[in-house]
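The values are calculated or read from the model by the stated rules, or taken from the named source; none is laboratory data. Owing to the predicted nature of the structure, the values given are computational and were not obtained by experimental measurement. Quick reminder, even Gly has a Cβ in these numbers, built from the backbone with ideal geometry, and neighbours come from all protein chains shown. Areas reflect the complete protein model, heavy atoms only, side chains present, ligands, DNA and RNA absent. Shrake-Rupley method; radii C 1.70, N 1.55, O 1.52, S 1.80 Å.
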Amino acid sequence: MTKSCSKTTWVNWGRWLLPLVAFAVVFALARFSAPLYHAPIVQVTALTSSHRQAVVDNFGNHDVTVTQHVTARWLNTKRRGQHVQLTNQYTKSGAVDSPVAKGQQLFVTHGSRTWQVSDHKRDGVVLGLFAMTLTLLLLVMRRRFWLTAASIGLNTLLFWAALHIEVASHQELAFVLFAALAVAFTVATTLFITRWTWLTVVVSTSTILATAAAVLIGYTVFAATGYRGIHLETVKYVTQAPQLLFFVQVIIGSLGAVMDECADIAVALFQLPGPARARFNAGLSIGRNVMGPLIAVLFMLFIAETLTEAVLWLRNGNAISTTVAWVMGLGFAQSLVSAFGIVLAVPLTSGLAAWLAKEVRA
């Protein structure tokens with residue numbers, strides 16, 4: 001009996017090593033995938049660094065440029081197995097380039113005289129992490145994994161179609177298009193989770209109304225204040241319609257958190273007995289407990305998205321106050337608008353779920 005329990009324990013623990021095994025297998029297979037590419041790929045066998053040069057731009061920013069002389073072996077094309085000499089130039093700041101290391105696989109292009117590095121071959125890491133994530137989800141979700149995978153696949157197709165339509169329309173239909181996309185995301189995801197029930201109606205309606213109300217409040221406040229303190233002219237929003245891009249990002253970014261909150265409240269209220277008033281109060285209580293962590297998570301997500309640009313600003317000698325106001329301030333603004341949606345979703349979902357739950361029971 002003891003041996004049987006011990007064996008079962010080891011089997012259960014061994015299952016959680018499968019994501020690491022999946023990553024290792026896919027990463028190893030991707031190392032030999034170069035013949036599948038049409039673009040020239042080489043693997044670095046030796047390298048030397050030379051010709052370090054200090055540079056100063058028009059704004060007084062100091063940097064160091066390093067030129068690497070690389071010896072590499074061809075992994076595909078007709079030159080497979082041969083060696084080639086090429087160069088790679090990078091800066092110490094690493095804003096748009098990076099050094100290469102021995103053993104790395106690289107995409108190369110032919111310049112005016114020599115071969116040059118165009119990009120790193122990263123499919124092993126990307127596909128390995130993808131396989132690891134899928135394996136972990138399969139272990140945790142089991143049968144429901146396939147519903148989630150189908151929902152993600154459908155949402156990806158919808159997003160791909162919306163992008164193609166948006167590019168073809170030259171941003172004329174952007175806001176209407178992405179607002180409709182948010183509605184499609186909500187309905188499709190909810191249908192996969194709860195199927196066609198009154199619960200689907202509650203979650204979808206509450207999510208759409210709360211998100212729309214939050215965007216309307218945010219737009220009204222920003223327009224009334226003349227977007228004071230909101231610097232949409234930064235590099236991230238250099239487009240023909242920066243306000244449009246800003247609010248579209250808020251809609252898509254906050255949709256998942258609002259939907260999660262609405263689903264938690266609605267599912268709980270549909271299971272509770274008692275009058276509609278009691279269910280409504282219970283929904284408010286649930287909402288108070290979950291909206292704090294959701295707002296904190298969205299705040300961290302939006303702020304984390306600005307960190308890379310903030311680091312670039314700081315490394316170029318900008319003051320911390322300037323960086324926070326011009327770069328991270330956009331994350332604060334997006335978090336504020338998303339928080340409106342999370343807060344408004346609580347009474348909307350509670351009221352709708354309490355009323356429909358009474359009708360369904362009747």
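Extension gain, Leu158 to Ala212, is 17.5 nm, computed as 0.36 nm per intervening residue step minus the present C-alpha separation. 3J(HN,Hα) along segment 318-327, derived from phi through the Karplus expression 6.51 cos²θ - 1.76 cosθ + 1.60 where θ = phi - 60°, amounts to 6, 5, 4, 5, 5, 5, 5, 5, 8, 10 Hz, with x in place of Gly and Pro.
Eight or more residues apart or on different chains, and alpha-carbon atoms under 24 Å: count the Lys pairs in the chain matching that.
Within the chain, the lysine pair count is 6.
For the pair Lys102 and Ala325, label points projected 7 Å from Cα toward Cβ lie 5.1 nm apart. Were the residues from Met141 through Ala39 laid out at 0.36 nm apart, the gain over their Cα-Cα distance would be 32.9 nm. Between helix 18-30 and the chain there is an angle of about 40 degrees, using the helix long axis and the longest principal axis of the Cα atoms.
Apolar share of the accessible surface for segment 246-330: 69 percent from carbon plus sulfur atoms, 1.4 Å probe. An oblate overall shape is assigned to segment 125-167, the ratio a/c of its alpha-carbon gyration tensor axes (a ≥ b ≥ c) being 1.5 or greater and a/b not exceeding b/c. So what is log10(I(q)/I(0)) for the chain at q = 0.06, 0.10, 0.15 1/Å, when the Debye sum runs over its Cα atoms only? So the normalised log intensities are -0.36, -0.92, -1.31. Near the amide H of Gln104, within less than 5 Å, lie the amide hydrogens of Val44, all on another chain or at least 5 residues away, with H placed in the peptide plane. Relative to the Cα centre, the charge distribution of the chain, modelled as +1 at Lys and Arg Cβ and -1 at Asp and Glu Cβ, gives a dipole magnitude of about 1500 debye.
Roll a 1.4 Å probe over the protein chains and send me the accessible area per residue for segment 142-361 in Å².
Accessible surface, normalised per residue, equals 53 Å².
The long axis of helix 242-271 is offset from the longest Cα principal axis of the chain by roughly 50 degrees. By how many degrees, between 0 and 90 and to the nearest 10, does the Cα long axis of helix 174-194 differ from the longest principal axis of the chain? So the inclination is approximately 70 degrees. What segment 1-141 shows is 68 Å² of accessible area per residue, with the surface traced by a 1.4 Å probe over protein heavy atoms.
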